[in-house]
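Inspection log for the structure reproduced underneath, given as structure tokens.
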Amino acid sequence: MENQKIDNLDKKIINALVNNARTPYAELAKHCGVSPATIHVRIEKLKSLAIIEGTHLRVNEKKLGYDVCCFIGINLKSAGDYPAVLAQLKNIDEVVEAYYTTGQYGIFIKILCPSIDDLQWLLIDKIQSIEQVQATETLISLQNPIHRSIVL
């Protein structure tokens, strides 16, 4: 799919909503120097183009007891194993992101879990037990100092 054409007003709206998705249309209109009706039309256009894909709530995982964040590179037995492994990873609640990648790993996933003991159980009993997984490498995140969306 080619990049969609958006203008400066669209960019202002997107940046404002990335900063706070709950910003009222009237406030966006004032900030952008247009009417609330224009904001409504533009947001609907951005939704119809799938540039805006809903609104999201950000949860502080540590406050909920998820103290371990890690990334796991997964080597597959063969490239054709990707769909089967992905289907099994989707059933593991602790897998919060997955990427099909080039380079050393076929799949790169992000895991959130309460403890190192939970991570060990997850690796042994859930991920490494998937038949098509040849090997894994785990990288534990110590902190996440940058967490943002793209700025237009």
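Please treat every number below as a calculation from the coordinates, not as lab data. Just so you know, these numbers come straight off a predicted model, no measurement behind them. In this analysis, Cβ positions are derived from the backbone assuming ideal geometry, glycine residues included, and neighbour counts consider all displayed protein chains.
At a threshold of 8 angstrom on Cα-Cα distance, excluding pairs fewer than six apart, so keeping six or more, what relative contact order does the chain reach in percent? Here the relative contact order equals 25 percent.
With angles folded into 0 to 90 degrees, how steeply does helix 36-48 sit against the dominant principal axis of the chain? Use alpha carbons for both and round to 10. Between helix and principal axis, roughly 30 degrees.
If I take every Cα pair under 8 Å that is 6 or more residues apart in the stretch 61-141, average their sequence separation and divide by the length, what percent do I get for the relative contact order? Numbers along the way, then the final one.
On the way: 130 pairs, mean separation 38.5, N = 81.
Dividing the mean separation by the residue count of the stretch 61-141 yields 48 percent.
For residue 9 and residue 96, a Förster radius of 41 Å and the Cβ-Cβ distance give a FRET efficiency of 0.75, rounded to the nearest 0.05.
Loop-only check: which trypsin sites (Lys or Arg not before Pro) in the stretch 88-152 are DSSP coil with at most 13 other Cβ within 10 angstrom?
Sparse-neighbourhood loop trypsin sites (Lys or Arg not before Pro): 90, 148.
Give me 67, 117 sorted ascending by neighbouring Cβ count inside 10 Å, so fewest comes first.
Working: 67 13, 117 10.
Placing the least packed residue first, the sequence is 117, 67.
Taking the Cβ-Cβ separation of residue 120 and residue 150 as r and a Förster radius of 41 Å, what is the calculated FRET efficiency to the nearest 0.05? Step by step, r from the Cβ atoms, then E = 0.70.
Using R0 = 25 Å, the C-beta based FRET efficiency linking residue 60 and residue 131 works out to 0.10. Against the chain, whose longest principal axis comes from its Cα atoms, helix 8-19 is set at around 50 degrees. Rounded if a/c is under 1.5, else prolate if a/b is larger than b/c, else oblate: which is the stretch 93-152, with a ≥ b ≥ c the root eigenvalues of its Cα gyration tensor? Oblate, because a/c is 1.5 or more while a/b does not exceed b/c.
Sorted from fewest to most neighbouring beta carbons within 10 Å, what does the list 111, 140 look like? Each step should come with its number before you reach the end.
On the way: 111 25, 140 12.
Taking fewest neighbouring Cβ atoms as first place, the list is 140, 111.
If you take the square roots of the eigenvalues of the alpha-carbon gyration tensor of the stretch 73-113 and sort them as a ≥ b ≥ c, do you get rounded (a/c under 1.5), prolate (a/b over b/c) or oblate? Walk me through the numbers on the way to the answer.
On the way: a/c = 2.56, a/b = 1.44, b/c = 1.78.
Taking the square roots of the gyration eigenvalues as a ≥ b ≥ c, the stretch 73-113 is oblate.
Total lysine pairs in the chain at Cα distances under 19 Å, for residues eight or more apart or on different chains: 15.
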